[in-house]
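J.: Here's a structure for you.
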Amino acid sequence: MLGTVLAPTVVHALTFTPERIDTQVYPGVPFSEELTLLNETGESTSVVLEPVLLDIIDAASGQASFLLDSAGDPSLSWLSVTPDQFVLIPGEQRNVTIEVLAPETSSGSLTAGIASTFRPVRSGERGDISVIGVTGPYVFAEVLSTDSVVQGVIDSFRSTGGSKWFSSQPVSLSVSFANNGNVHVKPSGFIEVRDMFGRVIDQLVVNEEQRTVLAGTSRKFDVIWGGHAEERISDFKREFQKPHVGPFRFTVSMTYGEDAVDTTQLTLWAVPWRSLLLLSAISIGIVAARRRLRRV
């Protein structure tokens, strides 16, 4: 059974602070952090908190799910919650303690989720259907050990769709970063844009939100150069607003860990074919008009 990490899509819900626990721990040394729950459901709510494994099959798009049937799995013995069940009245806030105790021989990153199952409390009522919601934070704990490995690479850099040319901005770019180590990382960097004369004309930020790439996974980061793809404007007008011609070189540099950097390049060609067709038609018209005048 899978339960998504996202909160139920309702106006009022059970909310958490922080929404993600991201820390560093030493093997065999306990670490504790406080998690605050707030009941915004509008009614008394029964809450059960359980450490669970994460399904990261969609890690490339930044999606993960709770594996609810993994609660109690021995591999999660490093993570505990106290208290793990209680009732919250409407508007009530409750603090719980998240404790991480990395095994003595552990290294890399420990990852899990705190699945928080909640449902309305309706004592004395029979026959009602109780809607159960599942939400909760991620827990990422980097184990500070000599056996921990920070390693990554840009495994893909291309335009969205894979085309090597564009007629106008905006241009959608996609950077895929592969985490080949055993420690989760938050890669960030820039895309430098150079025109056909080698001049730097723009610089784009990659992963400004500091999103996490889990160990052994790849994650895609989308970047738009020049405006917004959803703007309602004709492609013809776009070409005239910001005309571009020739090759453009995009260089992406991604920093991860403390000082590790990976760099790669992409060349795209700007061919404003609509504008070129219009100019060609105008030129042909002018030439034809001149020939008629000469005959007259």
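J.: With 5 Å bins from zero, work out the P(r) of segment 2-143 over every alpha carbon pair and list the percent per bin.
T.: 2, 10, 19, 22, 19, 14, 8, 4, 2, 1, 0
J.: A further question on this structure: Can you check how the C-alpha radius of gyration of segment 132-211 compares to 2.2 N^0.38 Å, as a plain ratio? Write out the running numbers ahead of the final one.
T.: On the way: Rg = 17.8 Å, N = 80, 2.2 N^0.38 = 11.6 Å.
Rounded to two decimals, the normalised Rg is 1.53.
No value in this document is a laboratory result; all are computed from the given coordinates. Computed from a predicted structure; not experimentally measured.
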